[in-house]
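Have a look at the structure below, then the notes.
The values are calculated or read from the model by the stated rules, or taken from the named source; none is laboratory data. Because the structure is predicted, anything quoted here is derived from the model rather than measured. Cβ placement follows ideal geometry from the backbone for every residue including glycine, while neighbour counts extend to all protein chains displayed.
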Amino acid sequence: MDIEFVRSRFIKHFDGTTGSIYASPGRINLIGEHTDYNNGFVFPGAVDKGIMAEIKPNGTDKVCAYSIDEKDYVEFGLKEEDAPRASWAKYIFGVCREMIKRGVDVKGFNTAFAGDVPLGAGMSSSAALESTYAYALNDLFGDNKVDKFELAKVGQATEHNYVGVNCGIMDQFASVFGKAGSLIRLDCRSLEYQYFPFKPQGYKLVLMNTCVKHELVGSPYNERRLSCERVAEVIKAKYPEVESLRDASFEMLEEVKAELKPEDYSRAKYVIGEVVRVLDVCEALEAGDYETVGKKMYETHFGLSKDYEVSCEELDFLVDVAIDCGVTGSRMMGGGFGGCTINLVKEELYEIFVAEAEKRYNEKYGKAPKVYNVVIGDGSRKIC
């Protein structure tokens with residue numbers, strides 16, 4: 001992301017002066033999908049693409065915000081009833097409100113922002129936006145008194161209370177805590193985390209965007225969360241120690257199968273398996289065993305596609321191409337219903353795989369998938 005690009009638009013749309021520039025990254029998640037709201041483990045990393053914003057207090061009680069990418073300008077107040085209509089502005093408004101709830105004396109400010117996280121690709125551009133403003137408001141108005149964990153929770157609460165997505169903590173956590181060259185295993189129950197070096201010699205990590213746009217707001221995402229909660233309740237009646245599917249085993253699930261709707265059973269089966277797979281991948285990474293990492297990625301995809309039912313035809317097609325090309329691991333990434341596959345590819349197969357995927361996808365869908373090479377980058381920060 002180009003600092004001068006953001007700064008030039010800020011100067012143009014406001015009073016000609018400059019403010020402070022902050023940035024936060026999008027994220028990938030190697031494995032551990034739809035486990036965060038089940039108190040399981042996730043394994044994300046920040047990427048070298050994100051959101052950059054210039055911000056300057058303006059001495060009023062109004063926020064004046066310009067989205068460079070949308071070419072859209074919005075003003076809003078800081079009271080609960082001042083919520084803006086523009087969907088992108090709700091994220092900034094929500095962060096302001098959540099920081100105020102945490103005792104930060106947020107005042108009016110001018111801001112312009114832009115992003116190079118591919119939208120709709122499952123790389124959490126929304127979390128990058130939330131983290132950028134949470135970090136900035138903490139610095140500008142809060143003397144940095146809010147800790148990093150709480151900043152991640154500000155982003156999550158913004159999604160819950162102002163956007164209408166009942167998300168887990170992973171996306172915001174990865175954006176705030178990211179570290180170049182490392183993935184982070186996060187325990188979503190205890191919020192304990194551990195960095196794992198991710199430097200796969202001889203492999204590339206590649207995203208392929210189906211260019212199918214997914215909209216998470218609404219029922220499909222929240223329905224699956226409710227499925228998981230219903231199953232956990234049924235298991236808890238027999239096993240009081242089970243607070244969420246994180247605590248459940250396959251044996252417990254089989255015991256209550258007759259009491260469950262078929263789709264609830266399938267979704268729970270996926271989640272219980274995924275909790276175990278994340279830990280298996282951590283062991284494999286410590287041993288430098290990227291073949292096992294790849295095998296577990298495929299297992300995750302088949303679970304997401306068949307049991308959790310959040311894949312789509314285009315994602316499944318790209319994973320099938322990966323299998324045909326001998327790619328080490330491939331799976332859909334993100335909330336689902338479109339977006340990207342994440343692929344662990346041997347360097348010598350990289351060009352063959354990309355060419356074959358582009359050719360076959362274009363033949364079937366009339367467009368080529370977008371290809372992004374993943375570089376693991378740093379988390380939220382002040383640039384200048």
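Does the stretch 233-242 contain any residue that is loosely packed, with under 15 Cβ neighbours inside 10 Å and in contact (Cβ under 8 Å) with a residue 24 or more places away in the chain?
No, there is no match, as no residue in the stretch 233-242 is loosely packed, with under 15 Cβ neighbours inside 10 Å and in contact (Cβ under 8 Å) with a residue 24 or more places away in the chain.
Taking the stated definitions as given, is K204 over 26 Å from C312 (Cβ atoms) and not hydrophobic (A, V, I, L, M, F, W, C)? Steps first, answer last, please.
Values: over 26 Å from C312 (Cβ atoms): no; not hydrophobic (A, V, I, L, M, F, W, C): yes.
Spelling it out, it is not the case that K204 is over 26 Å from C312 (Cβ atoms) and not hydrophobic (A, V, I, L, M, F, W, C).
Condition first: within 16 Å of L318 (Cβ to Cβ), modelled with pLDDT of 95 or more and out of contact with any helix residue (DSSP H, G or I) (no Cβ under 7 Å at 6 or more places or on another chain). Now tell me which residues in the stretch 334-352 satisfy that.
I342, L349, Y350, I352
Quick one: count up the residues across the stretch 118-137 that are assigned to a loop (DSSP other than H, G, I, E, B) and surrounded by 24 or more Cβ atoms within 10 Å (Cβ to Cβ).
The total comes to 4.
Would you mind finding the one in E347, E358 that is touching a residue at least 24 places away in the same chain (Cβ under 8 Å) and more than 24 Å from the chain's Cα centre (by Cα)? If you could, list the steps in order and put the result at the bottom.
Numbers: E358 fails: touching a residue at least 24 places away in the same chain (Cβ under 8 Å).
Only one candidate qualifies: E347.
If I filter the stretch 369-384 down to residues being among the small types (G, A, S) and modelled with pLDDT of 95 or more, which single residue comes out as surrounded by the fewest Cβ atoms within 10 Å (Cβ to Cβ)?
Start the filter on the stretch 369-384 by keeping residues that are among the small types (G, A, S), which leaves 377, 379-380.
Right, trim to modelled with pLDDT of 95 or more and you get 379-380.
Numbers: G379: 25, S380: 30.
Selected residue: G379.
Quick check on this structure: which one of V42, V6, V95 is in contact with an Asp or Glu (Cβ under 8 Å, 6 or more places away or on another chain) and at pLDDT below 95?
On the way: V6 fails: at pLDDT below 95; V95 fails: at pLDDT below 95.
Only one candidate qualifies: V42.
Counting residues that are surrounded by 24 or more Cβ atoms within 10 Å (Cβ to Cβ) and of a type in the set (G, A, S), which strands (runs of 3 or more DSSP E) fully inside the stretch 1-79 reach at least 2? Steps first, answer last, please.
Values: elements: 20-29, 44-57, 62-67, 72-77.
Those strands (runs of 3 or more DSSP E) span 20-29, 44-57.
Yes or no: the stretch 138-150 includes at least one residue that is of a type outside the set (A, V, I, L, M), buried (at least 23 other Cβ atoms within 10 Å of the Cβ) and part of a helix (DSSP H, G or I). Give the steps one after another, and end with the answer.
Residues of the stretch 138-150 of a type outside the set (A, V, I, L, M): 138-139, 141-145, 147-150.
Now drop any that are not buried (at least 23 other Cβ atoms within 10 Å of the Cβ), which leaves 138.
Next, only the ones that are part of a helix (DSSP H, G or I) stay: 138.
Looking through the stretch 138-150, at least one residue is of a type outside the set (A, V, I, L, M), buried (at least 23 other Cβ atoms within 10 Å of the Cβ) and part of a helix (DSSP H, G or I).
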